[in-house]
Amino acid sequence: MRVGIALTGTALAAAGGAGLCLGLAGGDLAARPLLDPAVSRYADGTAWFWPVAAAAAVAVAACGLLWLAAHGRAMMRRRRAALDGPTRMRARAAERDLLRDALRLPGVRDARLRLTGTAVRPRLLLNLTCTGDAVLGEVYGELGAGAAERYRAATGMPDLVVVIRFRMVFGEPAPV
């Protein structure tokens, strides 16, 4: 989808730039009317041509605005969960405990989390930075069996999906 949008945008930008260059260059092309004379005569001869052209342009613009609004909503859902106030407060309180438990695991250098998704399907993203010698299976098992379950219980969301992303750091010195 993004490739198609990028190609369409590139083609439209190239066409606009070419038209601008040709118009500024002067000459015969700059003096000609925008529409071909045959199209101008047809538009003048029919009463419905310009209203239909305007309606088509408005329909395309409305589709573009709807598409933009839908993607904006989806982006906000990924960014921040649509939860009620008390649930969000419980989640913030449980956040500290989860981060503390994650940082106590061997090999974990940094932990960040974000509660995303919708109110119906919330999701917890936990990003861990681990040293090269960390045993990821043990870290994953400890978090899944202990800290993540306590987070679910504290927030009152027993079906909360927890996504753990690992980032490995090799050869960097330990923080002082």
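Using Cβ point charges alone (K and R +1, D and E -1), the dipole size of the chain about the Cα centre works out to roughly 600 debye.
Just name one of PHE170, ALA153, ALA15: the one whose Cα is farthest towards the positive end of the charge dipole of the chain (beta-carbon charges, Lys/Arg +1, Asp/Glu -1). The residue sitting most towards the positive pole is ALA153. Which of the helices in the chain, when you take each full DSSP H run, stretch at least 24 Å along the axis at their Cα atoms and have an average Kyte-Doolittle score of -0.5 or higher? In the chain, the long hydrophobic H runs are 2-25, 49-79. Of all beta bridges that DSSP places with both ends in the chain, some 50 percent have antiparallel geometry.
Each of ARG100, ARG109 has some number of other Cβ atoms within 10 Å of its Cβ, and from fewest to most they run ARG100, ARG109. Figure legend: label point modelled 7 angstrom from the Cα of ASP133 along Cα→Cβ; residues of the range 99-119 with amide N under 19 Å from it are 103-110.
Between ALA38 and LEU20, the simple spin-label model (points 7 angstrom out along Cα→Cβ) gives 3.1 nm.
Considering helices alone, the calculated mean residue ellipticity of the chain at 222 nm is -19000 deg cm²/dmol, with DSSP H runs of length four and up weighted by -39500 (n - 2.57) and normalised per residue. Set against the labelled values [x] 32.0, 126; [y] 28.3, 82; [z] 20.0, 76, Rg and Dmax of the Cα atoms in Å computed from this structure falls on [y]. Loop exposure criterion: chymotrypsin sites (Phe, Trp or Tyr not before Pro), DSSP state outside H, G, I, E and B, at most 15 other Cβ atoms within 10 Å. Applied to the chain, the longest stretch between such sites is 49-169.
FYI, it's all coordinate maths here, none of it is from the lab. A quick note: this is a predicted structure, and the numbers were derived from the prediction, not measured. Neighbour counts are summed over all protein chains in view; Cβ atoms, including those assigned to glycine, are modelled from backbone coordinates with ideal geometry.
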